[in-house]
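Visitor: Here it is: the structure, laid out below.
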Amino acid sequence: MDGHAPGQTVAINAVAVVCRRGWNAVEPRERTEMKNPAQTVIVHHTALRYCAHPRDSISQLAHIQHMHMQERGFDDIGYNFLISGDGMVYEGRGWGIVGAHAKEHNFSSVGVAFMGNFSDELPSSASLSALLRLLRIGVLHGHLRPNFVLVGHRDVAKTECPGEHLYALLPKLRDQLQNQ
């Protein structure tokens, strides 16, 4: 998705994705390509301030990338995609790139983080719809297996992530994906 003007939104079959240049991402130190389409989508929350405005989201994305690269020693921002409260999808590592979001599961999964703390608040309907559209496009373009599994981070690691309110919505999201 790179190669677009800064701040440009790229429509990918009805999913607006802000490319890395659009949020001024730092270049990754290294990128590892996935060998196969992902079999799992792992839903996270950033556990930071809720973002529903592009200016706030872009600032927080830069903060998360800095924290992941400088404090945790990751090669890049850990997530493949991040979704803000206004339903905007931001490219993290993107499709087909191994993430750093769930130890022992990164090579076979895509990590999608909702921007906010969903132990305290409910995710917006716009952000939930954006996730569904993103995942449908992922299957359509061969980045996700058609029978992929949608799980919360807490299903694969000892954590509260993605927060109680977002986690409680995962069964409904699974149903919506199956009944499309």
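The values are calculated or read from the model by the stated rules, or taken from the named source; none is laboratory data. Please read these numbers as outputs of a predicted model, since none were measured by experiment. We place every Cβ from the backbone using ideal geometry, glycine too, and count neighbours over all the protein chains shown. Areas reflect the complete protein model, heavy atoms only, side chains present, ligands, DNA and RNA absent. Shrake-Rupley method; radii C 1.70, N 1.55, O 1.52, S 1.80 Å.
Visitor: Test T40 against the stated conditions and say whether it is open to solvent by less than 50 Å² (accessible area, probe 1.4 Å) and in contact with a Gly (Cβ under 7 Å, 6 or more places away or on another chain).
Guide: Spelling it out, it is not the case that T40 is open to solvent by less than 50 Å² (accessible area, probe 1.4 Å) and in contact with a Gly (Cβ under 7 Å, 6 or more places away or on another chain).
Visitor: Looking for whichever is at pLDDT 95 or above, surrounded by 17 or more Cβ atoms within 10 Å (Cβ to Cβ), of a type in the set (S, T, N, Q) and more than 12 Å from the chain's Cα centre (by Cα) here; the options are Q70, Q65. Which one fits? Steps first, please.
Guide: Working: Q70 fails: surrounded by 17 or more Cβ atoms within 10 Å (Cβ to Cβ).
Every option except Q65 fails the conditions.
Visitor: Can you list residue pairs whose Cβ atoms sit under 8 Å apart, with the first residue in the stretch 151-180 being among the β-branched types (V, I, T) and the second being exposed (fewer than 15 other Cβ atoms within 10 Å of the Cβ) and outside any helix (DSSP H, G or I)? Count only pairs 6 or more apart in sequence or on different chains.
Guide: From residues that are among the β-branched types (V, I, T), the pairs are V156/E104.
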